[in-house]
Amino acid sequence: MNPPKVADRQATFRDVFAVAEFRVLFASYGIFIIGETVKMLALSVLVYERTGSGLLAALAYVTGFLPHALGGLFLLAFADRWPGRALIVGYDLVRLAMVVVLATGALSPPAMLGLVAVVALFGPVSSASRSALLPEILHGDTYVLGRSLLTVASGGTQVAGFAVGGLLLGLVGPYGALWLTAATCGLSALLVRFGVTRRPGRAGRAGGGPRVGAFRETLRVNRHLLADRRIRGLLFAQWLPGSLLVGAEGVAVPYAADLGPGASAGVLLMAGAGGMLVGDLLVGRFVAPARRERLTPWLALLLGVPMLAFLARPALLPAAALFAVATAGFAYQLGLARRFLDAVPEARRGQAFGLVNTGMMAAQGLAAAGAGALSEALAPGVVMAGAGAASLVATLALWPVLTPGGRRSPVLPAESAPPAPAPTVSADR
């Protein structure tokens with residue numbers, strides 16, 4: 001019997017962590033998430049202390065994420081034009097400078113929020129560069145398992161960031177927490193700079209072409225990606241079923257409040273995060289690649305079905321269990337990972353991954369806002385069940401895309417793809 005192909009052989013954690021560059025990316029990403037979480041908490045507390053405004057404090061908490069959609073629309077071409085290592089390190093250094101300025105206390109609260117928003121515009125480019133580096137470092141099923149581990153790192157370190165942030169705020173206050181955040185920015189930059197191999201930009205590797213502005217290039221490539229039926233279907237499959245469920249998170253606080261004074265929304269949110277992490281670990285590690293892809297539509301169904309029980313207004317612990325089972329369904333995206341990687345042109349891989357992240361953040365934000373608006377007129381349990389029903393409808397509509405061997409169309413041929421820009425010279429040596 002012939003040994004299984006690398007792409008079809010089930011990977012193990014040992015396979016993934018045996019790759020030194022992945023270990024560096026994994027560690028730097030965890031440090032990045034912890035630093036961002038502590039920064040958000042510290043900035044929110046700092047703004048509230050200086051203004052007494054709950055609205056400004058809430059804006060401080062989300063300001064770093066709101067500009068992502070704008071950056072994803074206009075700047076993603078840089079993720080393929082410039083070397084990935086240079087982009088990740090450069091963004092870490094810009095974050096370092098920003099946090100140092102915040103920690104000095106020299107800016108007014110509105111100026112702080114403006115500075116954070118401007119820097120966050122470039123976040124999608126760095127994120128897309130990291131995502132596009134992964135399949136260049138890991139191959140076959142190790143790529144899928146590596147992606148799963150980065151998702152686990154994101155959720156786990158975010159929880160750790162909240163815990164560390166709360167501790168730091170009590171020990172050294174918001175300014176001290178910001179100075180320690182600056183240290184995480186520097187550490188992340190050093191790890192990537194000396195632990196990841198320098199590679200030229202993917203667009204440059206594909207050959208020279210007429211140079212156009214990054215804004216126009218981003219818009220043009222986004223249009224080309226969305227015009228391809230196969231890519232468009234895979235994008236919507238990654239955006240909709242999971243993002244619609246996020247609407248339930250938006251009303252977790254009022255749902256817990258309706259259960260009585262002993263109930264905590266934190267229990268629901270932690271259960272949701274835990275279910276997602278466990279689902280990713282189990283499906284990514286213990287389900288064979290071919291079976292994982294066959295399970296994709298059924299895992300997507302799992303997102304919505306348990307949420308229908310919220311019509312019965314379950315108590316806190318049963319509600320947390322239902323929420324954990326539902327969010328385990330997020331592992332359906334692992335079954336799409338390899339298909340999406342195969343579908344997009346290599347020279348546009350960074351922008352394609354950036355488009356996934358941008359669309360997902362926008363869809364999640366709209367779902368949470370819509371659920372919040374509905375909760376003004378409907379009971380929170382009804383809204384949470386509605387979020388599950390919406391996810392179910394999206395899954396059923398996308399069933400041919402979610403099913404391997406279902407609806408297909410050819411990948412953009414080379415002659416129809418947008419021309420690659422000429423190689424750019426990087427100062428990253």
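Suppose we filter Leu219, Leu190 for residues that are within 21 Å of Ala132 (Cα to Cα), at pLDDT below 85, of a type outside the set (S, T, N, Q) and open to solvent by 60 Å² or more (accessible area, probe 1.4 Å); which single one remains?
After ruling out the rest, the residue left standing is Leu219.
Which residue pairs have Cβ atoms under 7 Å apart, sit 6 or more places apart or on different chains, and have a first residue in region 289-313 that is of a type in the set (D, E, K, R) and a second that is at pLDDT below 95 and assigned to a helix (DSSP H, G or I)?
Partner pairs satisfying both residue conditions: Arg292/Val283; Arg292/Leu334; Arg292/Gly335; Glu293/Gly335; Arg313/Gly381.
List every residue pair whose Cβ atoms sit under 6 Å apart, with the two residues 6 or more apart in sequence or on different chains, where the first one lies in region 232-249 and is under 13 Å from Met307 (Cα atoms) and the second, anywhere, is of a type in the set (Phe, Trp, Tyr) and in a helix (DSSP H, G or I).
Gly242/Phe330
Any residue that is more than 30 Å from Ala256 (Cα to Cα), aromatic (Phe, Trp, Tyr), modelled with pLDDT of 80 or more and under 26 Å from the mean Cα position of the chain (by Cα) - is there at least one of those in region 338-357?
Within region 338-357 (the criterion being more than 30 Å from Ala256 (Cα to Cα), aromatic (Phe, Trp, Tyr), modelled with pLDDT of 80 or more and under 26 Å from the mean Cα position of the chain (by Cα)), the answer is yes, since at least one residue qualifies.
Which residue out of Ala86, Ala106, Ala128 is farther than 18 Å from Ile31 by Cβ, modelled with pLDDT of 85 or more, of a type in the set (A, V, I, L, M) and surrounded by 19 or more Cβ atoms within 10 Å (Cβ to Cβ)?
Ala86
Against the conditions (1) open to solvent by less than 50 Å² (accessible area, probe 1.4 Å); (2) at pLDDT below 90; (3) over 20 Å from Val100 (Cα atoms), where does Val196 fall short? Just the number, please.
For Val196, the failing item is (2).
Determine the pairs where a residue that is more than 11 Å from Pro83 (Cα to Cα) and touching a residue at least 12 places away in the same chain (Cβ under 8 Å), located within region 187-199, has a partner that is in a helix (DSSP H, G or I) and of a type in the set (Phe, Trp, Tyr) with Cβ atoms under 7 Å apart, the partner being 6 or more residues away or on another chain.
If the second residue must be in a helix (DSSP H, G or I) and of a type in the set (Phe, Trp, Tyr), the pairs left are Ser188/Phe32.
Within region 365-375, can one find any residue that is more than 27 Å from Thr218 (Cα to Cα), outside any helix (DSSP H, G or I) and more than 13 Å from the chain's Cα centre (by Cα)?
Yes, that holds for at least one residue.
Return the residue satisfying two criteria in turn: it lies in region 233-263 and is more than 26 Å from the chain's Cα centre (by Cα) and open to solvent by 10 Å² or more (accessible area, probe 1.4 Å), and of such residues it is nearest to Ala379 (Cα to Cα).
Asp258
Does at least one position in region 114-128 carry a residue that is touching a Pro at 6+ places or on another chain (Cβ under 7 Å) and either at positive phi or among the aromatic types (Phe, Trp, Tyr) (or both)?
no
Keeping to region 169-201, report how many residues are part of a helix (DSSP H, G or I) and touching a Gly at 6+ places or on another chain (Cβ under 8 Å).
Final tally of qualifying residues: 6.
The values are calculated or read from the model by the stated rules, or taken from the named source; none is laboratory data. Everything numeric in this text was worked out from a predicted model, so none of it was measured. Glycine also receives a Cβ, built like all others from the backbone with ideal geometry; neighbour counts cover every protein chain displayed. Quick note on the areas: whole protein, heavy atoms, side chains included, nothing else; ligands and nucleic acids left out. Shrake-Rupley method; radii C 1.70, N 1.55, O 1.52, S 1.80 Å.
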